């Protein structure tokens, strides 16, 4: 009997496993952050840096990757977590599923979110924290 271990699977299988587990982790983190944000109603954008780090740490532990594709995957998954968190914060959890299953609503949803964020200095700082979270997801996702 072969025990499941990251050393027993090849590079492509580890990357696919990293994609699947990383996607699940990023969606769960986004939903959790959005739910807490919508209940508390206090802006906590510094958490996006932590979310990017958690996603990167997950990819590093699951994939053991050293190539640049793990960094790109970390940035994409951090962006997914941020978008999911923003949608849940602004519109609620039921709207997340509505937006996902109706692609015609994607542009309207992002337009409302972006115009709401860029209307003040605090919103601009929030965008910078989101970019920093994506950057942390990019830089910390692979083993150097």
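Any read-out appearing in this document is the output of simple, stated calculations on the displayed coordinates, not a laboratory observation. These numbers were taken from a predicted model, which means no experiment stands behind them. Please note: Cβ atoms are built from the backbone with ideal geometry, for glycine as well, and neighbour counts cover all protein chains shown.
Worth a mention:
- Applying 1/(1 + (r/R0)^6) with R0 = 25 Å to the Cβ-Cβ distance of residue 43 and residue 66 gives a FRET efficiency near 0.10.
- Size check on the range 15-139: the Cα extents along the three principal axes, sorted descending, read 39, 32, 25 Å.
- Residues 49, 114, sorted so that the one with the fewest Cβ neighbours within 10 Å comes first: 114, 49
- Separation of the range 71-106 and the range 49-68, taken as the distance between their Cα centroids, equals 20 angstrom.
- Crossing angle, helix 11-40 versus the chain [Cα axis fit, 0-90 degrees, rounded to tens]: 30
- Average Cα contact separation per residue, the chain, under 8 Å, 6 or more apart, as relative contact order %: 37
- Two-site label geometry, residue 125 and residue 102: point separation in nm, points 7 Å out along Cα→Cβ: 3.5
- Listing 64, 102 from fewest to most neighbouring C-beta atoms within 10 Å gives 102, 64.
- Packing-based exposure ordering (other Cβ within 10 Å, fewest first) of 18, 13: 13, 18
- Estimated [θ] at 222 nm from DSSP helical runs (n ≥ 4, -39500 (n - 2.57)) normalised by residues in the chain, nearest 500: -26000 deg cm²/dmol
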